[in-house]
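Read the structure below first, then the notes.
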Amino acid sequence: MAISLEFEGKSISINTTWLYESCRCEQCYDATSKSRITSIQQFLEAVNIKVNKYEQENDSLHVEWSNGHASTYDVKWVFDTWTSNGVKLEPYTCVGKELESLPARVDANSLITTEGQRELVRSILKYGIGVITNVEPTLEATEKVIRHIAKPYDLMFGPMWIVGPNEKYHKDPAYSNGSLVAHNDNTYLNDGAGLQVFHMLERDNNGTGGLSTAVDGFKVAEILKQENHLHFKCLTEIDVETEYVNLDSHYKWSEPVIKINSTTNDINQIRFNIYDRTCQPQSRITEFYASYAHFVEILKREELYWEYALQPGTVVIYNNWRILHGRTAFTGKRVFVGCYVSTAEFLSKARTLGLIS
Ligand SMILES: [Fe+2]
Ligand SMILES: [Zn+2]
C-alpha cells in the first residue's frame with residue numbers, strides 16, 4: 001500500500017510501512033540517542049500497518065494509522081529521505097595531470113579552522129586527493145596536521161609509519177627499491193584504510209627515480225565499462241582473494257576489484273593490488289583473467305598518470321578506496337612518513353563538516 005505525496009510540482013508514491021516506521025514522534029523515535037523506539041512486536045505490526053486517513057496540508061503530512069497511532073511529517077523531509085536526496089558530493093574522475101591541478105592545496109595553519117578542514121575534506125571527496133602545504137618534515141608534525149581530519153588508523157605498521165632504508169622488519173614490496181605497479185593498500189582487510197597519507201622526510205639529491213605515481217581508479221573503471229561492459233561487470237562480481245602474512249599476523253580478505261553501491265549503482269571502491277593476491281583460483285577464471293588483464297592494460301596508459309616527486313613540507317592524502325598509487329624504481333636515500341585513516345572516521349568528519357549526509 002502507498003500514500004501519494006506532492007512536493008515541488010512532483011508527485012511521489014510512498015510505501016506505508018516505511019512511512020509508519022519512519023515516524024519521528026517521541027513514542028517512535030528517541031531524539032537524544034538518535035535511535036528508533038521499537039520492539040519485535042511493533043516492527044511486525046508495522047509491516048502490516050494500514051492507513052485509516054491521510055492529509056497533506058502545505059508542508060505537513062498527517063496520517064492516522066489502523067492501530068490508532070497518529071503521525072505528522074515534514075513533507076520535504078519525507079521527500080528527501082525517501083528519494084535519498086541528502087547532501088552529496090559527486091566525484092569528479094581525474095585524468096593524469098588533473099590529479100595535480102584540481103585538488104585543493106591547503107596551508108597547514110588553516111587546518112585549525114573549519115573552513116580549512118572543509119576545503120581539504122571536500123577535495124578528497126571530489127577528486128580523491130588533498131594536499132597540505134607548509135608542514136614541518138617530521139613524523140610528529142605530520143601526525144598533528146592529520147589529526148585535524150581524523151586520528152591515524154592503528155593497523156599492523158602502527159599508527160604512524162616510516163618507510164626508509166634498512167627496513168628489514170616489514171616484509172612488503174613497499175619497503176624495497178624497486179618500482180611498484182599502481183595499487184590500493186589494505187586489500188587484505190575487510191575494513192581497509194579509506195585514506196592514505198604520505199610525507200617525504202628526506203631524499204638524497206644524487207638519487208635517481210623514486211617518483212610517486214597516482215591514477216584515479218574510478219577513471220580506470222569508467223574506461224573499462226565504456227570499452228567492454230562485460231569485463232567491467234565481471235570485475236564487479238568475481239571475488240579476488242588477497243592476503244598479508246607477517247611475523248605473527250595473517251590477514252586475508254576476498255571481494256571484487258570494483259565494488260558497487262547496490263542502492264545508487266555508483267562505484268564505491270577500487271580494490272586492486274596485483275601483489276597481494278593469493279593463489280586461490282577465481283570463479284569463471286578465463287573470463288576473470290581477460291577482464292583483469294583489460295583493467296591492467298588501461299592502468300598502464302601513461303595519459304592517466306600523475307607522476308611527481310614527494311617533497312618535504314607537502315603532505316599528500318589519497319582516498320585509498322579510489323586512487324591507485326605506485327612508485328618508480330630508485331637509488332639513494334628516500335625516507336617518508338605515512339599513516340592511514342579509517343573510512344568510518346573520515347566520512348564521519350565529512351558529515352560533521354556538512355559535506356555529505
Ligand atoms: Fe602501497
Ligand atoms: Zn510515532
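All of the numbers you see were taken from the coordinates with simple rules; none came from a lab. All of these numbers come straight from a predicted model, not from anything done at the bench. All Cβ positions, even for glycine, are placed from backbone atoms using ideal geometry, and neighbour counts span all protein chains on display.
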query: What angle, in degrees between 0 and 90 and rounded to the nearest 10, separates the Cα long axis of helix 285-299 from the longest principal axis of the Cα atoms of the chain?
result: 70 degrees
message: If amide hydrogens are placed 1.01 Å from N in the peptide plane, which non-local residues have theirs closer than 5 Å to the one on Tyr29?
response: Ile37
- request: Within the set of other residues whose C-beta is less than 14 Å from the C-beta of Cys23, count the net charge using Lys and Arg as +1 and Asp and Glu as -1.
  value: -4
task: Return Val131, Val215, Val220 ranked ascending by Cβ neighbour count within 10 Å, so the fewest neighbours appear first.
output: Val131, Val220, Val215
statement: Checked against the positive end of the charge dipole of segment 2-82 (+1 on Cβ of Lys and Arg, -1 on Cβ of Asp and Glu, about the Cα centre), the farthest of Trp82, Cys25, Ser35 is Ser35
statement: If one builds a Gaussian network model of the chain from Cα atoms under 10 Å apart, the most fluctuating residue listed among Lys50, Lys333, Lys144 is Lys50
- line: In deg cm²/dmol, rounded to the nearest 500, the helical mean residue ellipticity at 222 nm of the chain, built from -39500 (n - 2.57) for every DSSP H run of length 4 or more, is -7500 deg cm²/dmol
task: Express as a percent, rounded to the nearest 5, the fraction of DSSP beta bridges in the chain (both residues included) that run antiparallel.
output: 95 percent
- prompt: Against the longest alpha carbon principal axis of the chain, how many degrees, from 0 to 90 and to the nearest 10, is the axis of helix 114-127 turned?
  reply: 80 degrees
- prompt: For labels at Arg105 and Thr138 in the simple 7 Å Cα→Cβ model, what's the distance in nm?
  reply: 2.5 nm
- request: Rank Cys234, Leu310, His148 by how far each Cα sits towards the positive end of the charge dipole of the chain (+1 on Lys, Arg Cβ; -1 on Asp, Glu Cβ) and give me just the farthest.
  value: Leu310
task: Scan around Phe7 for amide H atoms under 5 Å from its own, H built in the peptide plane at 1.01 Å from N, and keep only partners 5 or more places away or cross-chain.
output: Ile12
task: Sum up the charges of everything whose Cβ sits under 15 Å from the Cβ of Asn190, counting Lys and Arg as +1 and Asp and Glu as -1, but leave Asn190 out.
output: -4
message: Full-extension gain between Leu230 and Tyr92, please, as 0.36 nm times their residue separation minus the C-alpha to C-alpha distance.
response: 47.3 nm
- line: Quick calc, Val51 & Ala290: beta-carbon distance into FRET formula, R0 51 Å, rounding 0.05, result 0.45
- line: Here the cysteines of the chain lacking a cysteine partner under 4.7 Å (Cβ to Cβ) are Cys25, Cys94, Cys234, Cys279, Cys339
task: Give, rounded to the nearest 20 debye, the magnitude of the charge dipole that the chain has about its Cα centre when Lys and Arg contribute +1 at Cβ and Asp and Glu contribute -1 at Cβ.
output: 460 debye
task: Measure nothing but the geometry: give the 0 to 90° angle between the long axis through the Cα atoms of 343-352 and the longest principal axis through the Cα atoms of the chain, rounded to 10°.
output: 60 degrees
query: With r defined as the distance between the Cβ atoms of Tyr308 and Leu189 and R0 fixed at 25 Å, what FRET efficiency is calculated, to the nearest 0.05?
result: 0.35
message: Highest mean first, how do 39-47, 232-240 rank when packing is the count of other Cβ atoms within 10 Å averaged over residues?
response: 232-240, 39-47
- prompt: How large is Rg over Rh for segment 98-352, taking Rg from the Cα atoms and Rh as the Kirkwood inverse mean of 1/r across Cα pairs?
  reply: 0.95
- prompt: List the aspartates and glutamates whose alpha-carbon lies under 15 Å from that of Lys50, not counting same-chain residues fewer than 8 positions away?
  reply: Glu21, Glu64
Cβ-defined net charge surrounding Ser342, 9 Å radius [Lys, Arg +1; Asp, Glu -1]: -1
query: Applying 1/(1 + (r/R0)^6) with R0 = 41 Å to the Cβ-Cβ distance of Thr264 and Gln41, what FRET efficiency is obtained, to the nearest 0.05?
result: 0.75
task: Filter the cross-link list Lys53/Lys76; Lys126/Lys225; Lys97/Lys233; Lys126/Lys151; Lys151/Lys219 down to pairs whose alpha-carbon distance in this structure exceeds 23 Å.
output: Lys97/Lys233; Lys151/Lys219
message: Please list, in order along segment 204-215, the HN-Hα scalar couplings obtained from phi with the Karplus expression 6.51 cos²θ - 1.76 cosθ + 1.60 (θ = phi - 60°), rounded to whole Hz, x for Gly and Pro.
response: 5, 4, 8, x, 10, x, x, 7, 8, 10, 9, 9
